[in-house]
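Heads up, the thing below is written out as structure tokens.
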């Protein structure tokens with residue numbers, strides 16, 4: 001079989017690492033080889049470093065080759081744009097973007113410009129076969145009162161749309177391995193919410 | 001030892017345990033779990049019967065210590081966060097000299113600090129296995145400072161070195177390193193790079209072995225007394241040991257061939273994480289080339305390499321950072337194949353930055369003419385045309401360093417120079433503060449400011465963090481007193497080692513194993529060093545800080561301000577745990593005159609402006625109230 005190459009990106013605190021880790025454990029539960037690459041320390045303080053997840057029969061590199069991603073999950077639109085070179089039209093990349101914007105300080109102190117969502121979506125189109133935007137944070141906030149489990153909503157949506165080639169059961173098992181017990185029920189609820197939205 | 005077994009479903013091999021420290025302690029031989037490279041090192045040490053582990057936290061190795069901290073009590077071994085890497089290495093050496101297996105870990109710069117003791121350790125040898133884990137940071141993703149290639153230390157110090165490429169190898173190589181160390185009574189290096197330390201991968205577990213935690217140092221009339229003329233003998237002995245290990249490297253299974261039988265003019269030699277990029281590049285190019293993968297990279301298997309290269313026309317050497325293997329292979333080629341073309345990091349592959357599959361793929365393409373089915377370079381050029389606003393690394397909302405920087409900047413003029421140091425406050429390099437005009441190494445700010453003040457009358461302020469002060473700041477502070485200099489030093493005491501993941505340091509009163517210990521107050525040490533002008537100021541008290549900085553800059557003797565305030569991440573977590581509310585603020589639009597001090601000068605990430613209207617994002621605000629104190633119009637109010 002061929003490998004699945006996924007990029008998860010966003011900013012610190014949005015659950016990028018958790019989401020990547022859930023996908024990794026889900027793949028292991030299907031008996032697949034899996035690698036993820038993440039960065040800590042100085043890199044973590046910026047939160048702009050994409051996390052790579054690759055699974056398949058045998059995985060060597062922890063990093064996705066530029067242009068080869070099957071799926072790019074952007075928990076924040078600008079960060080999806082920053083990581084878009086991992087996608088390409090040729091490899092039919094799908095972008096799954098949360099429309100919740102987090103404005104970087106550079107906009108104010110270095111007079112840079114936060115692009116419009118339209119600019120971002122148009123740019124992403126030339127690196128992909130399909131761009132899906134979701135107002136995931138808003139949906140999650142309406143249901144749970146906070147935006148913290150937006151990542152899991154998107155996971156549910158991606159699962160329903162079959163954008164991650166793993167069984168729903170395996171993904172639920174992956175969640176059990178990674179998400180602390182006291183938050184598991186809430187996250188399952190949010191996963192179902194996303195799953196329904198994707199059906 | 002206690003291991004949690006009840007949650008394991010044997011039939012499906014499922015583990016439903018959330019806490020990673022429990023996963024890492026599963027004593028289920030043959031079970032597959034996902035581990036970070038750093039966690040796999042710890043697992044390898046536990047499967048080797050390690051009894052003593054020490055570290056000074058430094059990314060990309062921080063999780064090695066943090067994982068030991070979580071499991072040490074449970075498995076009954078000793079672990080500590082030492083005050084610096086040299087002390088950490090000496091502690092581990094003392095244990096190994098007393099017959100207890102030990103390991104020490106640090107980042108590349110930490111090896112520099114520890115090297116003064118690592119070299120004699122190789123001379124005197126160890127009595128139980130000792131593994132020194134060092135991680136380099138190609139591309140400086142996580143530790144800034146330098147793209148140091150620590151493999152030179154193996155050559156400089158006569159210390160064998162292994163380089164794992166993934167989490168499974170991290171575990172397996174740790175075990176091999178312990179055995180090799182014990183067999184030759186030599187410390188052994190494990191060299192990691194960021195993409196090994198911070199990659200998660202599948203690891204097949206072995207059995208945890210309960211090792212010795214108690215030993216005894218037995219005197220030897222000459223062996224451990226590193227003193228001439230015996231040193232000359234031990235130096236000779238070191239060379240004999242390295243030659244014996246070289247013979248092992250010819251046979252050891254971690255130096256292996258892929259596609260050995262494929263006949264081609266081009267061959268590849270690879271080590272560490274870049275081996276993975278080679279394998280994927282060949283797959284993406286739909287090529288088979290013979291590859292020699294080196295796991296034991298010092299000493300190298302010279303015979304095997306000679307045999308491999310003697311019939312090739314060219315060889316590509318793929319390694320992280322400097323062309324070290326490449327140069328060795330160049331000299332081996334002189335004997336057996338002088339016509340051989342050697343491609344590597346002297347120019348064909350990038351001479352700086354981490355290697356990538358892209359770089360390797362393009363180089364193989366260039367050598368062989370075989371192309372990928374799309375144009376990688378054009379693809380990246382399309383990307384580079386996009387306009388993407390930067391997102392600087394930031395101090396967190398509510399970070400006490402932000403308040404200290406704000407006060408220091410407003411108390412001084414444009415003519416002030418700021419000497420930086422290593423820690424979260426390094427992020428003061430970015431706008432709006434730019435309070436890191438020089439950045440060197442741990443503790444260097446105090447030495448640098450001393451030299452500048454000796455030769456100039458400039459306005460200069462040095463910043464240094466609490467962990468950094470304990471690491472290397474104390475001797476430098478004494479030097480300023482002893483040699484009568486007059487710098488202003490601000491010690492940023494946020495009650496933790498924050499940047500690497502909140503490890504306890506001597507200010508905290510708790511050890512790495514969670515035991516109560518004496519909390520050491522920085523101001524007491526500063527006074528004991530002979531500094532007369534010392535003041536402790538709450539970092540959030542901006543007015544007091546401004547006043548103190550202004551006054552202390554006038555002093556003709558060394559002055560120290562201890563800016564004390566707990567790291568806001570810890571403070572928020574503690575408040576949540578205690579069920580205390582975190583206050584939220586908003587801006588009274590009728591009072592706000594749009595001066596923008598809170599955004600443009602304080603640079604709080606929770607504050608933003610749209611169409612001239614300033615606002616606070618409640619999701620990001622941590623309730624530090626510094627903005628409330630600095631707002632000239634008193635427009636920021638608590639809402640709950």
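The numbers here are math on the coordinates, done by the rules we state, and not lab data. The structure presented is a predicted model; accordingly, all values stated were derived computationally and were not measured. Reconstructed Cβ throughout: ideal geometry from the backbone, glycine too, with neighbour counts over all protein chains shown.
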query = On average, how many beta carbons from a partner chain sit within 10 Å of the beta carbon of a residue in A:69-75?
reply = 0
key: segment B:442-546: relative contact order in percent, alpha carbon pairs under 8 Å with at least 6 residues between   = 21 percent
key: Relative packing of peptides B:541-550, B:417-426 - highest average C-beta neighbours within 10 Å first   = B:417-426, B:541-550
task = Find the percent of Cα-Cα distances in segment B:411-453 that exceed 15 Å, and round it to a whole number.
result = 40 percent
request  = Just order B:575-581, B:162-168 by mean Cβ neighbour count inside 10 Å, highest at the front, would you?
outcome  = B:162-168, B:575-581
key: Model label zone, residue B:351; criterion: amide N under 18 Å from point 7 Å along Cα-to-beta-carbon; scope segment B:133-170   = B:139, B:147-149
query = If contacts are Cα pairs under 8 angstrom and at least 6 residues apart, what is the relative contact order of chain B in percent?
reply = 11 percent
ask   = In nm, what is the difference between 0.36 nm times the number of residues separating residue B:438 and residue B:479 and their Cα-Cα distance?
value = 12.8 nm
ask   = Any idea what angle helix B:444-455 forms with the longest principal axis of chain B, computed on alpha-carbon atoms, 0 to 90 degrees, nearest 10?
value = 60 degrees
inquiry  = On the principal axes of its Cα set, how long, how wide and how thick is segment B:241-397? Give whole Å, largest value first.
reply    = 55, 43, 25
request  = Measure nothing but the geometry: give the 0 to 90° angle between the long axis through the Cα atoms of B:274-284 and the longest principal axis through the Cα atoms of chain B, rounded to 10°.
outcome  = 70 degrees
request  = Starting from the Cα of residue A:184, step 7 Å along the direction of its Cβ; do the same at residue B:639; then give the gap between the two resulting points in nm.
outcome  = 3.6 nm
key: Net lengthening on full extension, residue B:221/residue B:543 (0.36 nm per residue, minus Cα-Cα)   = 109.6 nm
remark   = By the Cα gyration tensor axes a ≥ b ≥ c (a/c under 1.5 gives rounded; else a/b larger than b/c gives prolate, otherwise oblate), the shape of segment B:582-636 is rounded
inquiry  = For the pair residue B:147/residue B:390, report the inter-label distance in nm, with labels modelled 7 Å from Cα in the Cβ direction.
reply    = 1.9 nm
note = Per-residue average of other protein chain Cβ atoms inside 10 Å, peptide A:51-62 -> 5
note = Of segment B:172-215, those with amide N under 16 Å from the point 7 Å along the Cα→Cβ vector of residue B:32 are B:200-206
ask   = With the Cα gyration tensor of segment B:369-465 giving a ≥ b ≥ c as the square roots of its eigenvalues, does the rule (a/c under 1.5 for rounded; else a/b larger than b/c for prolate; else oblate) give rounded, prolate or oblate?
value = prolate
ask   = Okay, which of segment B:316-343 sit inside 16 Å, backbone N to the point 7 Å along the Cα-Cβ direction of residue B:155?
value = B:317-334
task = Pop a pseudo-label 7 angstrom from the Cα along the beta-carbon direction at both residue A:199 and residue B:576 and give the gap in nm to one decimal.
result = 3.2 nm
ask   = What number, in percent, do you get for the relative contact order of segment B:261-323 if the mean sequence gap of Cα pairs under 8 Å and at least 6 apart is divided by its residue count?
value = 55 percent
query = Which percent of the Cα-Cα distances in the protein assembly as shown go past 55 Å?
reply = 10 percent
query = Suppose R0 equals 45 Å; then what is the FRET efficiency for residue B:527 and residue B:336 from their Cβ-Cβ distance, rounded to the nearest 0.05?
reply = 0.10
inquiry  = Can you divide the C-alpha Rg of chain B by 2.2 N^0.38 Å and report the result to two decimal places?
reply    = 1.06
message = Which of rounded, prolate or oblate describes segment B:454-496 when judged by the alpha-carbon gyration tensor and an a/c cut-off of 1.5?
response = oblate
query = Relative to the longest principal axis of chain B, what angle (0 to 90°, nearest 10) does the C-alpha long axis of helix B:167-184 take?
reply = 70 degrees
task = Quantify how strongly other chains surround peptide B:377-388 by giving the mean number of their Cβ atoms within 10 Å of each of its Cβ atoms.
result = 5
